[in-house]
Amino acid sequence: MLAQRPPTAGSFEDRRSRWEPFYTSICPVLPGTWTQPVDVAGLRAEWVCGPGVSPREQPVVLYIHGGGFTAGTVVTYRGLSSRYSAAANCRVLAFDYRLAPEQPFPAALEDSVKAYRWLIEENSVSS
């Protein structure tokens, strides 16, 4: 697919529509992965536990997905999140950040900081 149409061809909307099905096909979710949606201070997010990883497992990885702050979602990168979880034997918190150019810098950075602070607060309350 990339050889036929470079990933940067077309509008941001065109690129996004091509990227998710392509990436999920080359990096599928590991069988036995558990996911749970969660609201992270108003951001759409999910907990991801790879095969054999407990939903209560500590420590936690905060995953800021790829896409250069212009593309991608937690769904697009769920396969990679499941692999991080399995490799590190811990839960992964993945979240959606606002995408540029519709939401210019520093929107995605602010969302990333918001998710980090939420995670710190949640862990300090549950510890």
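Please treat every number below as a calculation from the coordinates, not as lab data. Computed from a predicted structure; not experimentally measured. All Cβ positions, glycine included, derive from the backbone under ideal geometry; neighbour counts span all protein chains shown.
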* Return a yes/no flag: does segment 99-122 have any residue that is surrounded by 14 or more Cβ atoms within 10 Å (Cβ to Cβ), without any contact (Cβ under 8 Å) to a residue 12 or more places away in the chain, in a helix (DSSP H, G or I) and not hydrophobic (A, V, I, L, M, F, W, C). => yes
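Taking the conditions exactly as written (in contact with a helix residue (DSSP H, G or I) (Cβ under 6 Å, 6 or more places away or on another chain), in contact (Cβ under 8 Å) with a residue 12 or more places away in the chain and either over 23 Å from PHE12 (Cα atoms) or not hydrophobic (A, V, I, L, M, F, W, C) (or both)), does ALA71 satisfy them or not? Lay out the reasoning, then the answer.
On the way: in contact with a helix residue (DSSP H, G or I) (Cβ under 6 Å, 6 or more places away or on another chain): yes; in contact (Cβ under 8 Å) with a residue 12 or more places away in the chain: yes; either over 23 Å from PHE12 (Cα atoms) or not hydrophobic (A, V, I, L, M, F, W, C) (or both): no.
When the stated conditions are applied, ALA71 does not pass them.
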* Filter segment 55-66 for residues that are surrounded by fewer than 19 Cβ atoms within 10 Å (Cβ to Cβ) and not polar (S, T, N, Q) and give the result. => PRO55, ARG56, GLU57, PRO59, VAL60, VAL61, LEU62, ILE64, GLY66
* Asked: Under the condition of being under 21 Å from ALA87 (Cα atoms) and within 13 Å of the chain's Cα centre (by Cα), which residue from segment 28-52 is surrounded by the most Cβ atoms within 10 Å (Cβ to Cβ)?
  -> VAL48
